Structure formats: C-alpha cells, structure tokens
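In what follows, a structure is listed as structure tokens, so that the remarks can point back to it.
Each value in this text was obtained by applying a stated rule to the coordinates, not by laboratory testing. Computed from a prediction, not measured in an experiment: that's the story for all the values here. A quick note on method: Cβ atoms are made from the backbone with ideal geometry, for glycine too, and the neighbour counts reach across all protein chains shown.
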Amino acid sequence: MPPSILRNIPSVNELLDSQPLKRLSDSVSRRVVVSGVRSFLETLRQEAQTTANEVVVPVGAELAERIASWIMTSEQAPLRPVINATGILLHTGLGRAPLAPDALSNINELAEGYCSLEVDLESGKRSHRHEAVEKLLRDLTGAEASFIANNNAGATLLTLAALAGEREVIVSRGELVEIGGSYRLPNVMEASGARLREIGTTNKTRLDDYEKALSAETGALLKVHTSNYAIVGFTEEVSMKDLAPLAHRNQLPVIHDIGSGALVDYSRFGLVGEPVVTDSIQEGADVVLFSGDKLLGGPQCGIIVGRRAYVEQIRKHPLARAFRVGKLTLAALAATLRHYRDPEVAEQRVPLLSLLSTSVENLKLRAERLAPQLAAATVIESAESQQDVTYLGGGSVPGQQIPTWCVALQPATGSIDQLAHQLRTGTPAIFGRLQQDHLLLDLRSVFPSQDEQIVETVCRLEQNEPMDEVQT
Ligand SMILES: *Cc1c(COP(=O)(O)O)cnc(C)c1O
C-alpha cells in the first residue's frame, strides 16, 4: 500500500472521539477501547506492508464503525454457548455431555458458599472428598470403593502407576487404543512407569497368551474396551469372565478400562456392545475405569471403582492428589448419579439420554416445522427437512448409526463454508454438519427449546458478501 493511504488514517484520539467508539467506551471501558483501536490500526499497518494486493482502508465514520464492531467481536469470550446441530451427541470439541439441571443446581448450591467437601458434619472430623459419591457408586455398580480423577486418561495413568508402577502390565495387541491424538494407551502406560507387555495379535488373543506372559515382573492385567473401533471377521478376545480367574490365581489385579461407562444397558437406546460397569465388576474385574462425560452424561471426570484394597492403594499414591477433582465436579457427578438409581428418571433428566431417546417421529415433526421458517431467512436460499443417520461420537460405540432428521440449508449467496462460518460466529453460535452442497442442522443433538433460537439467530443474519477485503 502506498504510504499516502496510511496517512489518511485518523489518529487514535480522533477515532476515540467518534460516536461509535465513544459509545463503546461507555459500555465496555475506555482502556479496553483504546487498546482495541491501537491493535486494529497495528494490524491494518502490518497488512498494508505484507500484502501485495491493495488494502482498502475504510474512511471516516465507516472506519470507526468497523473498529467498534471488531472490538465487540474480540470482547466475546472464547468459551461461549453453542447450539450443537452436528448430530454428534458426544462431541469432544463441544464439551461432550451437557449437564442435567439438577447437576447445575447442585453446583450452584454447593459452590456459592462453603460446603462439607472433606468434613464429616456428624463428628466434625476430617473426611474424604470421595465420600460425596462413594455410596452412590457402590449402589449403582456393586463395587466396594471409588476414586474420582480428572478424566479417564488420568484415571488410567493413576491406576497403572499405583498398582503396577515399574512392573509389567499385560495387554492384548487388539486393545492398544488411541482415543483422539493425545490419548494413546502405550504412551499413557509409559508415563505411568508401568511397562507394556503386548500379547496376541491384532485380531486374536487367547487366554494362554496372557498365561504365557505372566512372570515375576507382572504387576497387572489390563483389558481395554475398543470404544472407537471394532475388529471384525476372524477375531478372538478373552472375556473378563475368563481373564479374572487367571489374574486372581496369580494374586494379580485385573484392570478394565471400559471407556464410556454405561451404568445401564444402552441396548434400550439401540446401542449394542457397550460394556456395563456392573457386569464388569460381576465378572471379576478388580478395578474398572470409565469417563464421566461420555455415555454417563455427567461432568468431565475419570471414575475408578473396584476392590477396596486396590482403590486404597490408588488413593494413597502421590499422583492421586494431582489428579483429584474439585467440588464443582463432585457436585455435578453426585446429582447425575442420583438420577441413575431409577433408569426411567435418568432417561428423563440426563440430557444425553433424553436426546438419545427422542423418537425419530418427534425429530421429523420438528425438522418439518423448522424448514419453512428457516427458508424465510434472507441468508437462506432453500431449507428442506431430510432423514439421515448420525453417530454418538466422543470415541463411543463405533460405527453404530443413530437415526435422525435434519434441515438441509443452502445459502442465498456465498458458499456453504461462509454460511457455516456465519452460524458459528453468531450469538448463540450454531454448529451444523457439512454434507456435500448442504449445511445440515441435525436435530438429534438439539434440545427442543433451542429450535426457536435457531430460527431467530438465522433470521437475524445478513447476507454474506463475497469475501471481505481487510480480514481483521
Ligand atoms: C474415551 C476413552 C478414554 C479417555 O477418556 P477421557 O475421559 O477422555 O480422558 C480412555 N479409554 C477409553 C477406552 C476411552 O473410550
């Protein structure tokens, strides 16, 4: 850009005196606006120096308006509510499971002031924070004791360190999972200090593979649910029922990482093959590990349940303190677990389960009602209801399709990507799913109360212009 254009930019003080920025100073803060104006101008200068193309600088009032809206955008917190219209119920990027209203009110009630996190009110003595959920977990899973870690990755690392640090842990080659790039079982094991002893092959592992690997070096046997993939065809794996007696004959613990952590049988929701915690305990697992924010539909945490002696060993390990959860998590978890004492109550009150159990007819009706309302928006060329399938996500129940209904959108102008961007950056943000030449709004993961918000938000949007000049 020729320097003359830079000279046309008004001074910071002139800009601050303009109407839009004055108004913003009053509503936000002068300090924030001053630094916003400076960094906007700085970006503009850098852009002028680095881009070969001509940079069009808006003039006068338009520039001030532009800066004001830029500052307002950057004032929005990065962590904001999103309407999840991707159809993926356990979207890790969108925070996995939404919390039950009772979980929220329990957080509110317990976090607003002080709470009995580690005191026994009866005796006045110091107690343990795991008691907040211990009885519930005992009743729901049949396990003797529990510990709550920050997530299942933490639960796994802590359990391996406490029960098998410096020793070998036997795992089938068919179960060395990766859950999202940052969780790879072999790496977690290495970090725990335990040594991985792989056995069997990718598709077949037999009981005598475990047996032959046993030695004085063995610290534990580990079985992992392959929650985000399935090995099909010529396969064989050892069930917990067969594995547990082998471990116990050799005075070793068998650990079961079941991933999602179903407290009830999910085949009632059409999801088959998810291990249920109670079954694993009954079949002889000594320690069972699972996430709190996957199928359970609670807060992010890693739940460890099992035999008292092993759980005690886990609680006493130095890492336990580093991995333990705070009162907010325990408040949400306790409230969520209470719903599971009656599976029907859980289905009504745990949002994940209500979404999962919504009938296809219900979704169809909503999609058919939404389509014409969305088609009326300026930014929408066409909106049509259509049947589709979606997935649970979050590394749970691989390949199992969940029937759903969507509204397929086409933008009036610009590309599908531009429309998706507009929806993502709107208030509230709306995340859809791209499919060939449509943007799908999948109702499987949308709460009925959000339907109207979607219509309002989309109707408020203005038509996309072909890409803007200054990308600040
Ligand atoms: C999801 C998953 C994990 C990781 O759990 P986070 O709670 O995300 O840390 C570990 N193991 C299995 C089998 C899983 O499915």
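Mean silhouette area of segment 275-345, derived from the convex hull of its C-alpha atoms and averaged over all directions, reads 5.3 nm².
Determine one quarter of the surface area of the Cα convex hull of segment 98-179, which equals its mean projected area, and express it in nm² to one decimal.
Details: hull surface 35.5 nm².
Averaged projected hull area, Cα only: 8.9 nm².
When its C-alpha radius of gyration is set against 2.2 N^0.38 Å (N residues), segment 3-75 gives a value of 1.08.
Helix-derived [θ] at 222 nm for the chain: sum -39500 (n - 2.57) over DSSP H runs of at least 4, divide by residue count, nearest 500? Rounded to the nearest 500, it is -12500 deg cm²/dmol.
The charge dipole of the chain, taken about the Cα centre with unit charges on the Cβ atoms of Lys, Arg (+1) and Asp, Glu (-1), comes to about 1280 debye, rounded to the nearest 20.
Considering every pair of different Cα atoms, what Kirkwood radius, in Å, is found for segment 213-344? When all Cα pairs of segment 213-344 are included, the Kirkwood radius is 16.3 Å. DSSP beta bridges in the chain, what fraction antiparallel, as a percent rounded to 5? Antiparallel bridges make up about 60 percent of those DSSP assigns within the chain.
If you scale each eigenvalue of the Cα gyration tensor by 5 and take the root, what three semi-axes come out for segment 40-196, rounded to whole angstrom and sorted largest first? Write out the running numbers ahead of the final one.
Working: eigenvalues 452, 156, 52 Å².
In descending order the semi-axes read 48, 28, 16 Å.
Taken along its principal axes, the alpha carbon cloud of the chain reaches lengths of 84, 51, 49 Å, longest axis first.
Look at 248, 339, 91 and count the other Cβ atoms within 10 Å of each Cβ; fewest to most, that gives 248, 91, 339.
Report, in order of residue number, the helices in the chain meeting two criteria: a C-alpha extent of 27 Å or more along the helix axis, and a mean Kyte-Doolittle hydropathy of at least -0.5; treat each whole DSSP H run as one helix. Mind dumping the intermediate values first?
On the way: long enough: 30-50 (30 Å, -0.30).
Counting only whole DSSP H runs, the qualifying helices are 30-50.
What longest range of the chain stays clear of loop-exposed GluC sites (Glu not before Pro) (DSSP non-H/G/I/E/B, at most 15 other C-beta within 10 angstrom)? No qualifying site falls inside 218-461, the longest such stretch. Working note: Debye formula, equal point scatterers on the alpha-carbon atoms of segment 101-349, no solvent; log10 I(q)/I(0) at q = 0.07, 0.08, 0.12 Å⁻¹ is -0.23, -0.30, -0.68. Taken over segment 346-457, the percentage of Cα pairs per 10 Å bin, counting from 0 up to the bin with the maximum distance, is 14, 46, 32, 8, 0.
Which ordering of 379, 389, 133, 272 is given by a fewest-first count of other beta-carbon atoms within 10 Å?
Working: 379 21, 389 13, 133 28, 272 10.
Arranged by neighbour count, lowest to highest, 379, 389, 133, 272 become 272, 389, 379, 133.
Too long at a 27 Å Cα-Cα cut-off: which of 125/223; 135/204; 212/294; 241/316; 125/316; 223/327? Don't skip to the answer; put the middle values down first.
Numbers: 125/223 39 Å; 135/204 39 Å; 212/294 35 Å; 241/316 29 Å; 125/316 19 Å; 223/327 31 Å.
Exceeds cut-off: 125/223; 135/204; 212/294; 241/316; 223/327.
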